[in-house]
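Peer 1: Here it is, the structure, as C-alpha cells.
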Amino acid sequence: MIFTKESIDKIFNYSSISNIEKINRMLEIDANQYTNLGSDSTKTEKKIVKKNSKYIYKVISRINPEIGRQFLAHQDK
C-alpha cells in the first residue's frame, strides 16, 4: 500500500480489525517508505518521508498514546 493520508485514515477507521493490526499496517506503510529511499534520494524526498512518518505516528498515538509518543520521541532524535 502506498502512503496517502486517506489510506492511513481509512486504516484508523476500520472496525473489523484490532488496534494492533491497525498499528501493524501503518508501520508497514512507514517501513515501505523508508525502504524505497535510496542513496540517490533527494533531501526533499527524505523530508517528505519523515513528514509522512510523523503523520502515521500521530495517528498511532490516537490508538495507543504510549506507543505513538515513543515513536514521535525517537523520530526527533
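Peer 1: Among the residues of region 52-63, is there at least one that is open to solvent by 90 Å² or more (accessible area, probe 1.4 Å) and part of a loop (DSSP other than H, G, I, E, B)?
Peer 2: No: region 52-63 contains no residue that is open to solvent by 90 Å² or more (accessible area, probe 1.4 Å) and part of a loop (DSSP other than H, G, I, E, B).
Peer 1: Okay, next question. Under the condition of being of a type in the set (D, E, K, R) and assigned to a helix (DSSP H, G or I), which residue from region 26-49 is farthest from ARG62 (Cα to Cα)?
Peer 2: By that ranking, first place goes to LYS43.
Peer 1: Among the residues of region 2-21, write down those that are over 12 Å from the mean Cα position of the chain (by Cα), in a loop (DSSP other than H, G, I, E, B) and not small (Gly, Ala, Ser).
Peer 2: Within region 2-21, TYR14, ILE17 meet the criteria.
Peer 1: Kindly evaluate GLN70 against the criterion of being open to solvent by less than 70 Å² (accessible area, probe 1.4 Å) and either modelled with pLDDT of 95 or more or not acidic (Asp, Glu) (or both).
Peer 2: Here the answer is no, as GLN70 does not meet what is asked.
Peer 1: Between LYS22, LYS5, LYS47, which is among the basic types (Lys, Arg) and open to solvent by less than 70 Å² (accessible area, probe 1.4 Å)?
Peer 2: Going through LYS22, LYS5, LYS47 in turn, just one is among the basic types (Lys, Arg) and open to solvent by less than 70 Å² (accessible area, probe 1.4 Å): LYS22.
Peer 1: On to the next question. Could you list, in sequence order, all residues of region 1-30 that are among the aliphatic types (A, V, I, L, M) and either under 18 Å from PRO65 (Cα atoms) or modelled with pLDDT under 95 (or both)?
Peer 2: MET1, ILE2, ILE8, ILE11, ILE20, ILE23, MET26, LEU27
Peer 1: In region 47-74, which residues are without any contact (Cβ under 8 Å) to a residue 40 or more places away in the chain and within 11 Å of the chain's Cα centre (by Cα)?
Peer 2: VAL49, LYS50, LYS51, SER53, LYS54, TYR57, LYS58, ILE60, SER61, GLY68, PHE71, LEU72
The values are calculated or read from the model by the stated rules, or taken from the named source; none is laboratory data. Keep in mind it's a predicted model, so treat the numbers as computed, not measured. Cβ coordinates were reconstructed from backbone atoms using ideal geometry, including for glycine residues, and neighbour counts include every protein chain displayed. To get the accessible areas, we keep the full protein, side chains included, count just its heavy atoms, and leave off ligands, DNA and RNA. Shrake-Rupley method; radii C 1.70, N 1.55, O 1.52, S 1.80 Å.
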